[in-house]
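First up is the structure itself, then whatever we jot down about it.
The values are calculated or read from the model by the stated rules, or taken from the named source; none is laboratory data. Nothing here was measured: the structure is a model prediction, and the numbers come from that model. Cβ sites come from the backbone with ideal geometry, for glycine too, and all protein chains shown count toward neighbours.
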Amino acid sequence: MADQTDICVVDDAAWERAVAREAVVRRLVMNGSPDRAEFLSACRKLGLNRSRLYELIRAYKTRPVTSSLVTAPAGSRSGSRRLPDEIEVVISEAIESFFKSSQKPSIHALQKEVRRLCNHRGLRAPCWTSLRNRVAALDPAGLTAAREGAKAARNLYHPVPGAYHVKRIFEVVQIDHTLVDVIVVDRAYRQPLQRPWLTLAIDVASRMVAGFYLTLEPPSTLSVSLVIQHLVQPKLDWLEGLGIKASWPTAGLPESIHVDNAKEFRSKALRRGAEEHGISLQYRPIGAPHYGGHIERLIGTMMGAVHLLPGSTFSNIQDRGAYNSAAKSVMTLDELERWLALEITRYHAERHRSLGIPPIAAWQEAYGRRDMPLRQPYDPEGFQIDFLPSVERMVRRDGIHLFGLRYWDNILSLWAGRGDRQLRVSYDPRDLSTVFVRGPDGQRYPVRFADLRHPPITLAEHRRAQAVLRERGRSLEDEELIFAVIEEQRALVDAATGKTRKARRSAERRDRALSGVEPAAIEEKIPDHAEACDILDVPTFEVEEWS
C-alpha cells in the first residue's frame, strides 16, 4: 500500500480497485466489531485473504482516505537503488565535487568523470541512465544554489507565503528607478543625448502612480527626494503647467515608503526627513525581489508604452534589431516628461487586471472609506528643506563658510563670532547660491552668497572646479578662483555644445539643474547633496552629511 499517494498519478485500474475497497472497508471500520460472517463476506467480495484485509483496515484507520488502499505496483520500490554501495559512493562524490559546480557540466560530462573514478578504483562504471536518474533525484534548489549561487536559488525556489494585502491608500508606497528605453534630444540642437532615468512611486492599495521624477542623472538621493516631493504635493498646478487637463488626486504624506537596498535610499537626510514627518522608511529584505513586485510591474507597464516612441531602445538588442535608436530620437526631456504624465493619467483610467477596476476608481473608493483625510505637511517649505543634506558650521565674524564659499545675511550677526555653538546648515546641490541656516530657536533662514555678484552654481560644477585647481596646484579655498574656473568651464562647454554629444549633455544637465530651483526659496523640489553625476562627466565627490 502506498503512503501519502499522489492520487493524480495512480493508474485508473488501481484507483477503481481502491474506490471499491474503500466502500467495504469503511463499513467494517464504522461497525467497530464486525462478526465473522460479515468479515468473510468482505474477503470474498474484495477477493482478498483475511490477513490482507486486516492490513487494509489498519491502513484505513491510520489514514481514512481512499488513497491509503491503493496497492503499490509490483517490482522495485520507487527510489530504491540496485548498484553496489561502492559505485554509489563514486557517483555521490562526482556529483558533489564535479557536477555541482559553476561550470554546469552536462550528464555526459558527469559520466566521463564517473568512468574515470571507477577505472581508478577498479570498479565497473554505471550506465548513462543510472546517472541521469541520480541527477533527476537531486533537490533542484540545492543544485541551483551550488551552480548559480544562493540568490538565484531563492529567486527560483524560495516560497512566497501569503499575499501582500494593503487596504488603505498611502499605507504603502513603493519607489524604484529605471533607465528609460528611449533616447532624448537636447533642447537647443535637437541632437541625441542619452537615455534618461525615471524614478516612480506607486500606491500599492490603489495602484495609482503616486509621483515620478525624470532626469538625465543616474539614481541618487536627489532623485528619491524629488519623487517624494512630487507624491506629497497636489498635482493640479503642475498638470496645468504641462497643459494637461486630468484628475490626479494622489497627494499627502504616506504611512510608509518601501524601497530596495540601493545606496541612494540610505542617506541620513532621507532617513531623518522621513522620520521627522512620521513616514516609515522600510527596506526590501535582501534577496527577496518579490517584495517590490508592484513597482516593478508598473515600471514594466510604462516601458512597454515607451517602446512605441521614436528613439526607443526597446528592452534588448534582439527586439531592437537594425532600428537606429539615436537617429530616430526626436523628444526632449521636457516633452518626454509631458508624454509620461499623459500616459500615467491614461493608465489611471483603464481597468487594472488585478483590481478589476481602474486605479483612479480604486483610489476614490478607498478614500471614501477613510475617517479623516490624508495627512499633509504642516509646513510645506520646511518639509522640502528637511530632506536636504546638511552639515554643522560655526558662524564666523564674516559669515558661514561652506565648500570654500562664503555666505552672509544680516540675521547671522546675532550669532557671528559668539560662543562655540554650531548651527545646522542645509544646502541644495543643484544651486549653491542659497543655504538654509537653522537658528537656535529652530527657525530656518535663507542665506545667500556673501558676494551677490556670483552666479548660481551646482555642487558638481564646484567640485569639478576644485579638481582643476588641485591639478594646477592652486588654493581650493580661493573663492574668486573657483568662480573663475567655473566660468571658464562653462564657456568651453557652450562653445563645444554644437559639436559633441558630451558637451550637449553637460550643458543640458547644468541648465536643468539651475533652472529647477529659485535662489531665495525652494518652491517645488526636494534636493539632496548626492547628485549622481558631474556635469562634465567626472566621478561624484563624497560630501560629509550630518556630521
message = Yes or no: the stretch 444-463 includes at least one residue that is free of Cβ contacts under 8 Å to residues at least 60 places away in the same chain, within 26 Å of L216 (Cβ to Cβ) and assigned to a helix (DSSP H, G or I).
response = yes
query = Within the stretch 241-257, is there a residue that is touching a residue at least 12 places away in the same chain (Cβ under 8 Å) and within 14 Å of the chain's Cα centre (by Cα)?
reply = yes
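Can you tell me which of V391, V485 is in contact with a strand residue (DSSP E or B) (Cβ under 8 Å, 6 or more places away or on another chain) and either within 25 Å of F265 (Cα to Cα) or outside the structural domain of A269 (by TED's automatic domain parsing) (or both)?
Working: V485 fails: in contact with a strand residue (DSSP E or B) (Cβ under 8 Å, 6 or more places away or on another chain).
Checking each option against the conditions leaves just V391.
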note = Only one of L432, L459, L374, L423 is within 30 Å of M208 (Cβ to Cβ) and either within 35 Å of the chain's Cα centre (by Cα) or surrounded by 15 or more Cβ atoms within 10 Å (Cβ to Cβ) (or both), namely L374
ask   = Before we move on, is L143 crowded, with 16+ Cβ neighbours inside 10 Å, under 30 Å from P285 (Cα atoms) and touching a residue at least 12 places away in the same chain (Cβ under 8 Å)?
value = yes
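Looking only at the stretch 124-152, how many residues end up being in contact with a Lys or Arg (Cβ under 7 Å, 6 or more places away or on another chain) and among the aliphatic types (A, V, I, L, M)? If you could, list the steps in order and put the result at the bottom.
Going through the stretch 124-152, the residues in contact with a Lys or Arg (Cβ under 7 Å, 6 or more places away or on another chain) turn out to be 125, 143, 146-147.
Filter once more, keeping what is among the aliphatic types (A, V, I, L, M): 125, 143, 146.
Residues meeting the conditions: 3.
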task = May I ask you to say which residue of A274, A305 is of a type in the set (G, A, S), assigned to a helix (DSSP H, G or I), at pLDDT 80 or above and in contact with a strand residue (DSSP E or B) (Cβ under 8 Å, 6 or more places away or on another chain)?
result = A274
task = Give the residues of the stretch 334-361 that are surrounded by fewer than 19 Cβ atoms within 10 Å (Cβ to Cβ), more than 26 Å from R168 (Cβ to Cβ) and among the hydrophobic types (A, V, I, L, M, F, W, C), sorted by residue number.
result = W339, L342
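Where residues in the stretch 155-195 are among the aromatic types (F, W, Y) and over 30 Å from A366 (Cα atoms), which of them is modelled with the lowest pLDDT?
Here is the first cut: in the stretch 155-195, the ones among the aromatic types (F, W, Y) are 157, 164, 170, 189.
Subsequent filtering for residues that are over 30 Å from A366 (Cα atoms) retains 157, 189.
Values: Y157: 67, Y189: 73.
If we take residues in the stretch 155-195 being among the aromatic types (F, W, Y) and over 30 Å from A366 (Cα atoms), then Y157 is modelled with the lowest pLDDT.
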ask   = What about L374, is it assigned by TED's automatic domain parsing to the domain that holds A269 and hydrophobic (A, V, I, L, M, F, W, C)?
value = yes
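Matching residues to (1) in the same structural domain as F314 (by TED's automatic domain parsing); (2) β-branched (V, I, T):
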position	(1), (2)
L131	no, no
L138	no, no
V166	no, yes
S206	yes, no
L216	yes, no
